Amino acid sequence: MDRFEAMSILVAAVEAGSLTGAGRRLNMPLPTVSRKLAELEEHLGTRLLTRTTRKLTLTDAGNDYFHSCKCILEEVGDAERKAAGEQSAPKGELVLTAPIVFGRLHVLPVVSAFLSIYPDINVRMPLSDRNVHLLEDDIDLAVRIGPQPDSSMVAKRVGSVRRVVCGSPGCFERHGVPASPADLKRLPCVTFDMMALPNAWAFGKSPNARDLSVEIRPRLCVNTAEAAVDAAIAGIGVTRVLSYQAARAVKEGSLQVVLQDFEPTPLPVYILHQGQGELPFKMRSFLDFAAPRLRERLEEIALS
């Protein structure tokens, strides 16, 4: 049995979603695909795939083996290119995830520029505010905001974002500009339910060196930061969002940032990947390309 070939067939079958799709991708008859996978399972002494008429599912052992095969095949491809002195651009599919709004506003433009330079790379970019599991969800890289507790990941910091309180000029004309977090108790507020404590906002060190947590009066509670920003622009109340979420409205003058001296420590922004061995060429290429550009974008949107 050619184990390298068998690994390639397994990866093709999983990525294509069927043995038939793997056969098309590899230009190999379906019976050959099925036979070689069966030989691989027999060699390993375990079942890798659960096959039904509708879909192909990896077993637990198959999931671990599949990801190892992908890494091995990518490393072999890189080694062959280096040995041949190949100077061509990286190839293959890159899977990248990011928070929904940050991904649309800032990661997508960087990815678009990357694709224009590297025509042999395709990118799949599922956006989610949920911290997906890179290994289980077959993700190569993740852009994440906030402290990262998973020490198994390699994190490249590209900047930070602030948590800002902002409101419309009209709102501050009616209710006054807050001089301290305690003043928020008398202002109508707009919250969204993704916040840990929608009815209380925590701030940084106060002048007397104590942390501040202020109960607020939600006039409106929505489920996205974009809706909270729109409501604040409409004058319903002040809101608290991440700086990039309000950057455009602040730049246009429809929102005004207040209480800057009381802001909590900015949240770090990272590009994460699994910390196992040398990175595939496509991932190294994206990191080298994207990190300085994301850093520059974060510096540009920093609010004063």
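When you check Arg157 against the structure, is it under 15 Å from the mean Cα position of the chain (by Cα), of a type outside the set (Val, Ile, Thr) and at pLDDT 90 or above, yes or no? Spelling it out, Arg157 is indeed under 15 Å from the mean Cα position of the chain (by Cα), of a type outside the set (Val, Ile, Thr) and at pLDDT 90 or above. Quick one: would you say Gly103 is modelled with pLDDT of 80 or more and either within 30 Å of Leu287 (Cβ to Cβ) or part of a loop (DSSP other than H, G, I, E, B) (or both)? Spelling it out, Gly103 is indeed modelled with pLDDT of 80 or more and either within 30 Å of Leu287 (Cβ to Cβ) or part of a loop (DSSP other than H, G, I, E, B) (or both). I'd like to know if the stretch 189-207 contains one or more residues that are at pLDDT 95 or above and in a loop (DSSP other than H, G, I, E, B). No, every residue in the stretch 189-207 fails to be at pLDDT 95 or above and in a loop (DSSP other than H, G, I, E, B).
Looking at the structure I just gave you, is Ile145 buried (at least 17 other Cβ atoms within 10 Å of the Cβ), outside the structural domain of Gly62 (by TED's automatic domain parsing) and β-branched (Val, Ile, Thr)? Yes, satisfied. No other residue among Thr57, Thr46, Thr50 is part of a loop (DSSP other than H, G, I, E, B), at negative phi and either surrounded by fewer than 16 Cβ atoms within 10 Å (Cβ to Cβ) or outside the structural domain of Leu135 (by TED's automatic domain parsing) (or both) apart from Thr46.
Contact annotation: no residue pair with Cβ atoms under 8 Å, 6 or more positions apart or on different chains, pairs a residue in the stretch 69-80 that is more than 17 Å from Ser285 (Cα to Cα) with a partner that is at pLDDT below 80 and part of a helix (DSSP H, G or I). Yes or no: Val258 buried (at least 18 other Cβ atoms within 10 Å of the Cβ), touching a Pro at 6+ places or on another chain (Cβ under 8 Å) and within 16 Å of Val161 (Cα to Cα)? The answer is yes for Val258. On inspection, Ala227 does not qualify as outside any strand (DSSP E or B), modelled with pLDDT of 90 or more and in contact with a helix residue (DSSP H, G or I) (Cβ under 8 Å, 6 or more places away or on another chain).
The values are calculated or read from the model by the stated rules, or taken from the named source; none is laboratory data. All values reported here derive from a predicted model rather than from experimental measurement. Every residue, glycine among them, receives a Cβ derived from its backbone with ideal geometry; neighbour counts consider all protein chains shown.
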